[in-house]
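**Q** Once you've had a glance at the structure underneath, I'll fire off some questions.
No lab work stands behind these numbers, since they all come straight from the coordinates. Not measured: the values here are computed from a predicted model. Glycine also receives a Cβ, built like all others from the backbone with ideal geometry; neighbour counts cover every protein chain displayed.
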Amino acid sequence: MTQKKVEVIPATKRSVHNGGQLKVQSNVRVAAYCRVSTGDESQQTSYTTQKAFYTNLITNKPGWRFAGIYADEAKSGTSREHREDFNRMMADALDGKLDYIVTKSISRFARNTVDTLNCVRQLRQQNPPVGVYFEKENIDTLDATGELILTILSALAQDESRSISDNIRWSIQKNFQAGKPKVDLNRMLGYDKGANGEWVINPEQAKTVRYIFERYVCGQTANRIAKELNELGRKTVNKKNWSASSVLTVLRNEKYVGDIEMQKTITKDFLTHRSTINKGEAPRYYVENHHVGIIDRSTWDKAQTMLYEKPSKVGDSVPAQKKKRGYTGSPFGNLVCGAVLEHGERAGKECGEGFFRVTYTGVATGYTDDRSLAATGGDTDIYLEKYAYAYPVWRCKQKMGKREGEKPRQNGTPDQKLYCREKHGRLSDAERKAANERCPSESIHECALEQSFMEMLYRLKRDYEKNHEASEISTLFQKACEQMYQQMKGNSVSVERLETLDAQIKELGEKLQETIGRQVTAMRDAVLEQNLELNESLAEGNITLDEIDSDIRNGLTGNDIGTSFYHADYEEGSEIEAYASLAKDIRQRIESFRKEKETLSQEQGALTVMKKNFDLFIACLKELPEQNAAGMPLKVNGLDVQGSLFRDVDGKPVDGAIASLNRGRLKMTPERIAEAPDLLHFEKGIYCAFMKKGTVKGDIVLYETNFGVTLPTCGNQRTLTSFLGFKKCSLDGLVTLVDAPYRVYDNTVQYRRYLRSKAKREQAV
Ligand SMILES: [Zn+2]
């Protein structure tokens, strides 16, 4: 076996002079790279100083040839995007124009591990390799053990970058809390930046903003408004044509009413600095009357209630329900069944399952005629013409046979399909019994849900307008706020606590840096010592090369130097191990402090959001019309389940008022129409904006709102016939009295042909 000469580097202090592959070379082309952060005066001076220092250093070193200075002024260290000189330097190095790069520190070179290591490795793979010397850390990347130390230190640098990213984010958060937003007014229609950074309304652009809001609250769609704006020759802030989505963006922008909601987006990834929408990971802040609004508050509130925003749905966590079409788009998808189960393992507990929507069809008896049949040339001897109406009903999924562990499907399970045909008598008694044992809940008419919801809103509205702070809704909200406060106090929440946490995290962060620095020094010393020992032993012939651990050996030969470091054993009780466990301990403490800080900030944000939602809800109540489209005062009365007795909004029977208006048999006098209760227009926007979840318990639905209050509606089990005798006002002001069930859902009446019985008999033969 041939003795191989192992080259190790016995120096205890390395530098470009004696380090790495280049120590034997002369005429080394050395370049310097420096970078400073902008906006920092002391950094500005250091920029000039650094340049002078490196020029001096390189030109004066024997064997070195000055190959230039590359310098970048960087806004933040994490991204390489704005580092032109860095990229130029990399290109030159890969082009074979440089042999060595000298730079102040790892954090000045690149601030994330991946980036640093990629560049360094790329440079080392060149033939001949290009080295980087980090002055502060005293690391030469062509040196033995260089890469490992680099890995550790880069990881540290990354931690540092993360904490800087956190710091920036946190300071933005703090600014937000103080009401100081960071908005690019150049990219916002309607406002310019004033001389002192204040918000100034741009009159011409503001016209467009007002136009959008005014048209929208008048009932125009975003699509139509975009078309109108384009016809008028108006442009977006980016000088582009309007589209429905750009119109909606304006409508949703709270800055137009003078408010500002901050931290809509957050920087989650400190490496890419990319912003993502804040989906509740960080608190959002809402500041009212932050600047002069372009839109008045009542227009704004109205527009917001009209903007359709889908509420969260039961079972939304199921990823299979990506496409929302048809009934899944209905706001009542957030209802859950509150029926108490009577059978099975969960007997005595609430069902808790979601609802699904099914459309039944009914034949409108007494409304047959042959005109349509005759007009289309149908044979009236064979066919009979009838009208059918469709009405949506909500049913519990559990009752309909949702199977264990099965995802809810768009079109229902086979059992559900079967049950949906029940109207036609295709469900056997046994099947019906099984369904009732699964869940005893009843189906609910959609129109009853809509009507009862609106009745509740009017009840709250009238109570609030009469009693203000003493009203039911205000009292409930006060309680909800107090509860929230108590909860926060239970967590010893206070601004001081947040400040203390901040200080503790900062202090621990510094301690961590120091500890890891010591750990790295200890590791480096240990490896160098080990190398030295090995080398001596080899030289003295005490051991042969074969006896050296192959990893170590590989690490000491060829180009792939330094790998031995990975396998350095930390002896128990050694200095390295002590520092490592100390660092681990500090990290854990920092992590727990960070978590506490996060929770506290979120809770504070939650209370603000709650208050904002409540105020908006009250604004919506105030905006509810007191007249229908025909200018008649709205009669908001509840009805009992059978629809036989009128009740006022408080549920008290109205004296002598019996809903015997049935099947159009009553004469429609103007007085009777004026006295009839209204079939109310369902405000889908209000429902979607505030109702998080609804639990159906028989005739009552308990709605959980997004301002911490639970509101009950009653009369949900009313049927279509319950609404007979109600008055209905269309948007063009036409008033009709509901005298047939299909009039409740008159848009969906269809005409159908049926075979006459004679024709049926003939067909059978
Ligand atoms: Zn149920």
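**Q** Roughly speaking, what is the stretch gain from D379 to K692, that is 0.36 nm per residue apart minus the C-alpha to C-alpha distance, in nm to one decimal?
**A** That pair, D379 and K692, stretches by 107.3 nm at full extension.
**Q** Once you put a point 7 Å from the Cα of N138 and another 7 Å from the Cα of E540, both along the Cβ direction, what distance in nm separates them?
**A** According to this spin-label approximation, the distance is 2.6 nm.
**Q** Between R65 and K479, what FRET efficiency comes out of the Förster formula 1/(1 + (r/R0)^6) with R0 = 56 Å and r the beta carbon distance, rounded to 0.05?
**A** Step by step, r from the Cβ atoms, then E = 0.10.
**Q** For K466 and A674, what does the FRET efficiency come to when R0 = 22 Å and r is the distance between their Cβ atoms, rounded to the nearest 0.05?
**A** 0.45
**Q** How many nm separate the modelled label positions at Q763 and T599, each set 7 Å beyond the Cα in the direction of the Cβ?
**A** Using points 7 Å along Cα→Cβ, the separation is 6.9 nm.
**Q** Please give the length that would be gained between N127 and Q220 if that part of the chain were fully extended, namely 0.36 nm times their separation in residues minus their C-alpha to C-alpha distance (nm, one decimal).
**A** Full extension from N127 to Q220 adds 26.6 nm.
**Q** Between Y211 and L94, with labels modelled 7 Å along Cα→Cβ, what's the label distance in nm to one decimal, could you check?
**A** Once both label points are built, they end up 5.0 nm from each other.
**Q** Taking R0 as 41 Å, what's the FRET efficiency between R518 and K239 from their Cβ-Cβ distance, rounded to 0.05?
**A** 0.10
**Q** Assuming 0.36 nm per residue, please report the length gained on full extension of the stretch E591 to A619 beyond their Cα-Cα distance.
**A** Extending this stretch completely gives an extra 5.9 nm.
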